[in-house]
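> Sending over a structure as structure tokens; questions will come in a sec.
The values are calculated or read from the model by the stated rules, or taken from the named source; none is laboratory data. The structure presented is a predicted model; accordingly, all values stated were derived computationally and were not measured. Neighbour counts run over all protein chains shown; Cβ positions are idealised from the backbone, glycine included. Heads up: the accessible areas ignore ligands, DNA and RNA and are worked out on the full protein's heavy atoms, side chains in. Shrake-Rupley method; radii C 1.70, N 1.55, O 1.52, S 1.80 Å.
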Amino acid sequence: AWVTPRPSVAIRVNRMPDATLPDLVEQGEVPAIAAEFLRACIRARRSIVVAGEMGAGKTVLLRALCAEIPPREAIGTFETVRELFLERHPERHPVVHAWEERPGSGERTADGREAGAVSLVEALKNAYRFNLQRYIVGEVRGAEVMAMLEAMQSGGGSLSTVHSRDAVSALGKLVTCMMAAGRQVSPDYAARVIGEAIDVVVYVSLGRDEHGRRRRWVSEILTVTPGESGAGWAHSHVFAPAPGGRLAAGVLPDDHAWLAEHGFDTRVFADGLGAS
């Protein structure tokens, strides 16, 4: 109270609480060929970051990607405010451990910490005892990126979201988050870890259609690899932005044999049918 001239309330309504990739394809938010690519990435245990502006639909897409995780896998979700609700669908994912950040009581302990607070960093570290196969971090805003990247380096196949203005700047945003963890993190070290841990960045755009209604769509998908000589990262667009809010086929990663192994028809992509 008393931090603004008048009280305000924001009510977040999950428009698609049980979203799947086929749902997003049907609604025109993800082209079918891009959905197949993302499905192959999940099956191949590639670590994915979903990026976009506020309200662009990052959580909905993250939920749809989670729906592609095989049911036999143990999943941990880590959120500031619980929104994924994977634990509500045991028929799809019978083993889900859902952690939520807990704010403190406002009082401080002798070491300066807020009494009763549990951060996402602490939750992620404690979760290592659960032998999880997928770590899903609802949103990365600060120091929790360290634990998230450690999880990605350990097992692969982890998922997260981050605010950014485009797919490439999402990587820079993660560098900023890492450096917020402490002075011991240099920009070079942060870039190197990100290049080693993250495999794919998906960007969700937000705009308006001709009737003024909100429109959300996947506008970029890029792959990330470690930079030469272990310095930073290198990236390439598998799907690049095209005029009119469309996707254009870009370049498959050099080691794209794993895509065919997990159900993605690289011949269709090579024939130029990736554009949609």
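> Which of the numbered conditions does Ala147 fail, given that it passes all the others? Conditions: (1) outside any helix (DSSP H, G or I); (2) open to solvent by less than 40 Å² (accessible area, probe 1.4 Å).
(1)
> Can you confirm whether segment 210-218 contains a residue that is at pLDDT below 80 and either open to solvent by less than 50 Å² (accessible area, probe 1.4 Å) or not acidic (Asp, Glu) (or both)?
Checking segment 210-218: at least one residue is at pLDDT below 80 and either open to solvent by less than 50 Å² (accessible area, probe 1.4 Å) or not acidic (Asp, Glu) (or both).
> Let me ask something additional. Taking interchain pairs and intrachain pairs at least six residues apart, which have beta carbon atoms under 6 angstrom, with the first residue in segment 243-267 and farther than 16 Å from Val30 by Cβ and part of a loop (DSSP other than H, G, I, E, B) and the second of a type outside the set (Asp, Glu) and open to solvent by 70 Å² or more (accessible area, probe 1.4 Å)?
Every condition considered, the pairs that remain are His262/Arg43.
> Oh, and also: Report yes if Val60 is under 11 Å from the mean Cα position of the chain (by Cα), open to solvent by 20 Å² or more (accessible area, probe 1.4 Å) and β-branched (Val, Ile, Thr), otherwise no.
When the stated conditions are applied, Val60 passes them.
> Quick check on my filter: what residues within segment 88-119 are open to solvent by less than 70 Å² (accessible area, probe 1.4 Å) and farther than 21 Å from Gly142 by Cα?
Hits for segment 88-119 are His89, Arg92, His93, Val95, Val96, His97, Thr109.
> Determine whether segment 47-55 contains at least one residue that is surrounded by 13 or more Cβ atoms within 10 Å (Cβ to Cβ), touching a residue at least 24 places away in the same chain (Cβ under 8 Å), closer than 19 Å to Arg92 by Cα and in contact with a helix residue (DSSP H, G or I) (Cβ under 8 Å, 6 or more places away or on another chain).
no
> Right, next: Looking only at segment 166-204, count every residue that is outside any helix (DSSP H, G or I), surrounded by fewer than 20 Cβ atoms within 10 Å (Cβ to Cβ) and touching a strand residue (DSSP E or B) at 6+ places or on another chain (Cβ under 9 Å) and tell me the total.
Final tally of qualifying residues: 1.
> Has segment 238-250 got at least one residue that is β-branched (Val, Ile, Thr), modelled with pLDDT of 80 or more and open to solvent by 30 Å² or more (accessible area, probe 1.4 Å)?
No, segment 238-250 contains no residue that is β-branched (Val, Ile, Thr), modelled with pLDDT of 80 or more and open to solvent by 30 Å² or more (accessible area, probe 1.4 Å).
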